[in-house]
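The values are calculated or read from the model by the stated rules, or taken from the named source; none is laboratory data. For clarity, every value in this text was computed on a predicted model and none was experimentally measured. FYI the Cβ positions are ideal-geometry reconstructions off the backbone, even for glycines, and counts take in every protein chain you see.
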Amino acid sequence: MTTKNFEERLKVLKPDFHRVVPYVENDKLVNLDFTDNNKELTDTVVNDIELFIQYIKATLFRNNARYGIGGYNENRTIYRRSKLFDDDEPRSVHLGIDIWGKPYTKVMAPLDGIVHSFAFNNALGDYGSTIILSHRLDDFSFHTLYGHLSLNSLKNLSVGQLVKKGDVFTEFGIPFENGQWPPHLHFQIILDLEGKEGDYPGVCKPSEREKYLSNCPDPELILKMITPQTP
């Protein structure tokens, strides 16, 4: 399977995927910029979870938006808040799409799948509660990762459990259970989990961008969320 062939198949099937979050065509979305270009998002804001939450809320309110969208392949500065992303070359390139919204927003399966694995990745800045689903689509096998969930989402979950298209199977978490982030969903497509369970990098080093993007195609191919406007 090549990434290009997989992406082309997703484009064809895109109309058939279910919404991942409650969303109708007239709901307004707004882009949230987490790069150095955003001068509002200072280290003071990012390092104080309450200020960070207020920043997200205020931006959504100001733009009359139901959700904020955090970009795929965005080179972000917000990961400086956690040593989790430190290295000789810090990880900063975002491999999924974030949907920022209200706590406990319901999350639905975009297509049939089974529970591959799940975990509570509790380090500061990590995913917190995390679920990975496995899917089969024609001749393609792949995975979707859902991060920053509520702990309640992991109750009564079992590996191999069937999740049907449109099923509500999880929800946005709050800081103590989602890695200390404002409420949101990190949604990511992964072709090869490389043997990992309940976890996979959602952020990579800039020097490894090409490798990881080829393994993690653009989630918009499944999400079907209208391209929002930048505030």
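List of remarks:
- Which numbered condition Arg136 fails, given (1) surrounded by fewer than 17 Cβ atoms within 10 Å (Cβ to Cβ); (2) within 15 Å of the chain's Cα centre (by Cα): (2)
- Candidates Gly202, Gly166, Gly179, Gly195, filtered to the one that is more than 17 Å from Tyr146 (Cβ to Cβ) and not aliphatic (A, V, I, L, M): Gly195
- Matching option when the condition is part of a strand (DSSP E or B) and of a type outside the set (A, V, I, L, M), among Tyr200, Tyr146: Tyr146
Let's see how each residue does on (1) under 29 Å from Leu51 (Cα atoms); (2) of a type outside the set (Asp, Glu):
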{"residue": "Asp139", "(1), (2)": "no, no"}
{"residue": "Asn152", "(1), (2)": "yes, yes"}
{"residue": "Val159", "(1), (2)": "no, yes"}
{"residue": "Gly173", "(1), (2)": "yes, yes"}
{"residue": "Gly202", "(1), (2)": "yes, yes"}
{"residue": "Cys216", "(1), (2)": "no, yes"}
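- Residue list for region 178-224, restricted to those being among the aliphatic types (A, V, I, L, M) and closer than 24 Å to Phe17 by Cβ: Leu185, Ile189, Ile190, Leu191, Leu193, Leu213, Leu221, Ile222, Leu223
- One residue alone among Lys165, Lys102 is in a loop (DSSP other than H, G, I, E, B), of a type outside the set (Gly, Ala, Ser) and farther than 30 Å from Asp36 by Cα, and that residue is Lys165.
- Selection count, region 143-170, where residues are surrounded by fewer than 22 Cβ atoms within 10 Å (Cβ to Cβ), in contact (Cβ under 8 Å) with a residue 60 or more places away in the chain and in contact with a helix residue (DSSP H, G or I) (Cβ under 8 Å, 6 or more places away or on another chain): 1
- Residues of region 13-68 satisfying the condition of being under 20 Å from the mean Cα position of the chain (by Cα) and among the small types (Gly, Ala, Ser): Ala65, Gly68
- Selected residue [surrounded by 15 or more Cβ atoms within 10 Å (Cβ to Cβ) and either among the β-branched types (Val, Ile, Thr) or modelled with pLDDT of 90 or more (or both)] from Phe61, Phe17: Phe17
- Looking across region 20-50, the residues that are of a type in the set (A, V, I, L, M), assigned to a loop (DSSP other than H, G, I, E, B) and buried (at least 17 other Cβ atoms within 10 Å of the Cβ) come down to Val20, Val21, Leu41.
- A search for C-beta distances below 6 Å between a residue of region 53-79 that is in contact (Cβ under 8 Å) with a residue 60 or more places away in the chain and any residue that is part of a loop (DSSP other than H, G, I, E, B) and acidic (Asp, Glu), counting only pairs 6+ apart in sequence or on different chains, returns Tyr72/Asp218.
- Region 181-202, residues that are within 18 Å of Ile99 (Cβ to Cβ) and touching a helix residue (DSSP H, G or I) at 6+ places or on another chain (Cβ under 6 Å): Pro182
- Inter-residue pairs, beta-carbon under 7 Å, first surrounded by 15 or more Cβ atoms within 10 Å (Cβ to Cβ) and of a type outside the set (S, T, N, Q) and in region 208-231, second modelled with pLDDT of 95 or more and part of a helix (DSSP H, G or I), 6+ apart: Pro231/Thr59; Pro231/Arg62
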